[in-house]
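Asks: Please find one structure pasted underneath; my questions will follow.
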Amino acid sequence: TWGLNTLWIGKEIIHKPTVTSTQVVAHQAARDNSPHGTVVIADEQSSGRGRMERVWHSKKGKGVWMSIILRPNIPPYMAPQLTLMTATAIAEVLDQYDGIQPNIKWPNDILIQNKKVAGILTEMQAEQDRIQYVVVGIGLNVNQDNTEIPDAIHYRATSLKMETEKEWPIIELVQKILEGLEKEYESFLKKGFGDVKSKWENYGFRIGEMISLHSGTEKKEAVFLGIAEDGALLIESSKGEAEKIYSAEIDWFVE
Ligand code: BTN
């Protein structure tokens, strides 16, 4: 068993040696009425997916590949806040370990030493103004060597092992992430996003610095002020006011 110390996350766990993507399995399970908090976890994914239709390499036993079904009673526009909350929970877990100082690259890439160690993919099923369910996918690179992440150079990817030169306990990481996520979720529903926002900002990558952003072909350079009460990225506009950005990517370099 997984030895989880949780109330509702992971009460139901679907564990498979190999899947195409835990997202796919989780969507099916959600349509089949799997409860809030169901976790789908795999040792290996043959077609793990990332944001922007990217591939997520998921070698057998080398990382945490899991998807969580949530059925939150919140309006669809708040769903991105769940992703920021998940990123915060993961950063807090990694922060507990000596020698690891995580950052979060907006909206939800977890970095160590300016390289990506984890990503989150949130997919929502909504009808009119009601969320039916959300699948939160978490990919955390744990025990890969640098030859085992094909994008390690181009994509600035890393693993916990690459950063620390030791093997990491995958099951313990799964436990801590799920326990942390349950706590964050409860406080998010009770106290709203404000609490998540300040924790997120503790880890925010390049807050206060000049960043370069792009969305499609549109590019912008501005000072990154922090995140807003609704999770939007805040930059300083040319008029010196705070401007909200909802969808963009922060580039690795400012030209
Ligand atoms: C990203 O950074 O682009 C998000 C990566 C999300 C990867 C995880 S691994 C578990 C789950 N199943 C998938 O196919 N993707 C997510």
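Please treat every number below as a calculation from the coordinates, not as lab data. Note that the structure is predicted; figures quoted are calculated from it, not measured. Ideal geometry is used to build each Cβ from the backbone, glycine not excepted, and the neighbour counts take in all protein chains shown.
Asks: Which order do the peptides 213-225, 162-174 come out in when sorted by mean C-beta neighbours inside 10 angstrom, highest first?
Replies: Working: 213-225: 13.1, 162-174: 14.6.
So the peptides 213-225, 162-174, ranked by packing, come out 162-174, 213-225.
Asks: Which pairs in the list 62/199; 115/197; 62/220; 16/219; 116/191 are over 32 Å apart, alpha-carbon to alpha-carbon?
Replies: Pairs exceeding 32 Å: 62/220; 16/219.
Asks: For the stretch 115-255, rounded, prolate or oblate, judged on the Cα gyration tensor with a ≥ b ≥ c (square roots of eigenvalues), a/c < 1.5 rounded, else prolate if a/b > b/c? Walk me through the intermediate numbers first.
Replies: Details: a/c = 1.79, a/b = 1.17, b/c = 1.53.
The shape class here is oblate.
Asks: A follow-up question, please. For the stretch 210-250, compute the orientation-averaged projected area of the C-alpha convex hull (one quarter of its surface), in nm². Intermediate values should be presented prior to the final figure.
Replies: Details: hull surface 10.7 nm².
Hull-based average projected area comes out at 2.7 nm².
Asks: What is the local net charge at residue 132, summed over the other residues whose Cβ is closer than 14 Å to its Cβ (Lys, Arg +1; Asp, Glu -1)?
Replies: Residues close to residue 132 contribute a combined charge of -1.
Asks: May I pose another question? Compute the whole-percent fraction of alpha carbon pairs in the chain spaced more than 35 Å apart.
Replies: Details: 3539 of 32385 pairs.
In whole percent, the share of Cα-Cα pairs in the chain beyond 35 Å is 11.
Asks: Beta carbons within 10 angstrom, averaged per residue: use that to sort the peptides 5-11, 235-241, highest first.
Replies: Details: 5-11: 15.9, 235-241: 11.0.
The packing order, highest mean first, is 5-11, 235-241.
Asks: Next question. Short version: what are the Cα gyration tensor semi-axes of the stretch 173-233, square root of 5 times each eigenvalue, largest first, in whole Å? Could you put the intermediate results ahead of the total?
Replies: Details: eigenvalues 156, 38, 26 Å².
Equivalent ellipsoid semi-axes, largest first: 28, 14, 11 Å.
Asks: With the convex hull built on the Cα atoms of the stretch 79-135, state its orientation-averaged projected area in nm². Walk me through the numbers on the way to the answer.
Replies: On the way: hull surface 16.2 nm².
Taking a quarter of the hull surface, the average projection is 4.0 nm².
Asks: So what's the back-of-envelope 222 nm ellipticity for the chain, counting only DSSP H runs of four-plus at -39500 (n - 2.57) apiece and dividing by all residues, rounded to 500? Walk me through the numbers on the way to the answer.
Replies: On the way: 5 runs with 65 residues, N = 255.
After summing the helix terms and dividing by the residues of the chain, the value is -8000 deg cm²/dmol.
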